[in-house]
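Have a look at the structure below before the remarks.
The values are calculated or read from the model by the stated rules, or taken from the named source; none is laboratory data. Since the model is a prediction, treat every value here as computed from it, not as a measurement. Counting neighbours? That spans all protein chains shown, and the Cβs are built from the backbone with ideal geometry, glycine included.
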Amino acid sequence: MRRILVTGAGGQIGSWLVPRLRELYGDDRVLATDIRTPDPVVAEGGPFQVLDATDRKGVGQAVMRHDADTVYHLAAILSAVGERDPRLAWHVNMSSLEAVLEVAREQGCAVFTPSSIGVFGPESPKDPTPQDTVNRPRTIYGVTKVAGELLCDYYHARYGVDTRGVRYPGLISHGAPPGGGTTDWAVEIFYAAAREGRYTSFLSADAQLDMMYMPDAVRAAIEVMEADADALTHRNAFNVTAMQLSPESLATEIRRHLPDFVIDYDVDPVRQGIAESWPDRIDDSAAREEWGWQPEYDAAAMTAEMLEVLGRG
Ligand code: NAD
Ligand code: AKB
């Protein structure tokens, strides 16, 4: 039975992943950590500690005191915030990963690190984007994600650390808000639809990207960590997806429930540029073949559940 430490536990993914890990492995076996105190669901449902994931000594002490054998490393700066402050993105994303990997090497931990569709760039084939293809992103976020995948591969090959990860698409959830990414519109649109019946999108009507509903994303993280190691070839960089959405196509889906919903557009050139450099549709057949990845939610099921939870189902 694993003993787990989660970094960046108060964010969009952690606020869903931590309760699920506690359900599976036991409340006391999952230490949630973040640089800030998060919502009670994470901070009060089991042990919580304020921890800067870039502080290698602090990470090492926390892993040792909790006797952790597994780290889910979620602390990071996302794409849009990264473009506003590239040095911060490099510092947080790379220093925290290096700290976690060094501690894992010293103390024998397995490590899950999420990568992203942000590893792809304008030279990558867009539809479908293969598992193994050219990765030359133009965002600092993408640069840190490519470097992160390679560093995780290196720690596995050189030191035998059990590193694993998936390239998440945009994640849609209720609860903790997204942390400043290019795909945040796909969460904002539901809150705006439920509260005001209208939404102004910062991406253009036809900006299609891969997306996934959070329960599938949480399951992907746990399933890849529990997969038979001998079956894994790609380890730290599995493409995973569940659906492809543009603002226009998601608005159409929302109108099946809220026929008067209105969407208009005020395109932000920075985030639009990032979205245009990312895939329209990634090929996740390696994840399906190597560890049985299979999403449960499509756009219709995700939309129905989001609106129901937000009181407009
Ligand atoms: P988020 O921004 O919602 O949460 C990140 C958390 O990290 C925040 O709670 C923040 O307080 C914390 N944090 C920031 N700096 C820290 C530090 N120095 N030490 C400790 N904690 C720190 O992000 P998320 O959406 O939960 O993403 C988690 C991981 O998943 C990231 O690696 C991200 O790149 C990746 N990912 C997310 C998505 C998505 O759509 N949410 C998609 C692809 C990949
Ligand atoms: C972002 O938009 O930065 C994230 C991601 C897809 O990595 N949601």
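Are any residues in segment 89-118 out of contact with any strand residue (DSSP E or B) (no Cβ under 6 Å at 6 or more places or on another chain) and within 14 Å of ligand 2 (Cβ to nearest atom), and if so, which ones?
Answer for segment 89-118, where residues must be out of contact with any strand residue (DSSP E or B) (no Cβ under 6 Å at 6 or more places or on another chain) and within 14 Å of ligand 2 (Cβ to nearest atom): A89, V92, N93, G118.
If you check E253, E188, which single one turns out to be acidic (D, E) and within 16 Å of ligand 1 (Cβ to nearest atom)?
E188
Scan segment 75-91 for residues that are in a helix (DSSP H, G or I) and of a type outside the set (S, T, N, Q) and jot them down.
A80, V81, G82, E83, R84, P86, R87, L88, A89, W90, H91
For A147, are the conditions met, namely being within 16 Å of ligand 1 (Cβ to nearest atom) and part of a loop (DSSP other than H, G, I, E, B)?
In short, no.
Restricting attention to helices (runs of 4 or more DSSP H) lying wholly within segment 1-74, give those where 1 or more residues are among the polar types (S, T, N, Q).
14-25, 56-66
Filter segment 17-51 down to residues that are within 11 Å of ligand 1 (Cβ to nearest atom) and more than 20 Å from S96 (Cβ to Cβ), then give me how many there are.
The total comes to 1.
Do you know which of the residues in segment 157-185 that are among the hydroxyl-bearing types (S, T, Y) and touching a helix residue (DSSP H, G or I) at 6+ places or on another chain (Cβ under 7 Å) is farthest from ligand 1 (Cβ to nearest atom)?
Y159
For the structure I just gave you, tell me whether H257 is assigned by TED's automatic domain parsing to the domain that holds L21, in contact (Cβ under 8 Å) with a residue 12 or more places away in the chain and more than 19 Å from S79 (Cβ to Cβ).
no
With (1) away from ligand 2 (no atom under 16 Å from the Cβ); (2) assigned to a helix (DSSP H, G or I) as the list, and V134 as the residue in question, which single condition is left unmet?
(2)
State the number of residues belonging to segment 154-176 that are touching a residue at least 24 places away in the same chain (Cβ under 8 Å), in a loop (DSSP other than H, G, I, E, B) and more than 15 Å from ligand 2 (Cβ to nearest atom).
Selection size over segment 154-176: 4.
Of these, R65, R56, which one is at negative phi and in contact with a Ser or Thr (Cβ under 9 Å, 6 or more places away or on another chain)?
Exactly one of R65, R56 is at negative phi and in contact with a Ser or Thr (Cβ under 9 Å, 6 or more places away or on another chain), namely R56.
Where in segment 209-276 are there strands (runs of 3 or more DSSP E), lying wholly inside it, with at least 1 residues that are within 14 Å of ligand 2 (Cβ to nearest atom) and over 30 Å from R22 (Cα atoms)?
Here the list reads 209-213, 243-245.
Do any residues in segment 78-98 that are in contact (Cβ under 8 Å) with a residue 40 or more places away in the chain and surrounded by 16 or more Cβ atoms within 10 Å (Cβ to Cβ) have Cβ atoms under 7 Å from those of residues that are in a helix (DSSP H, G or I) and among the polar types (S, T, N, Q), where the two are at least six apart or on different chains, and which pairs are they?
A89/T144; W90/T144; N93/T144; M94/T144
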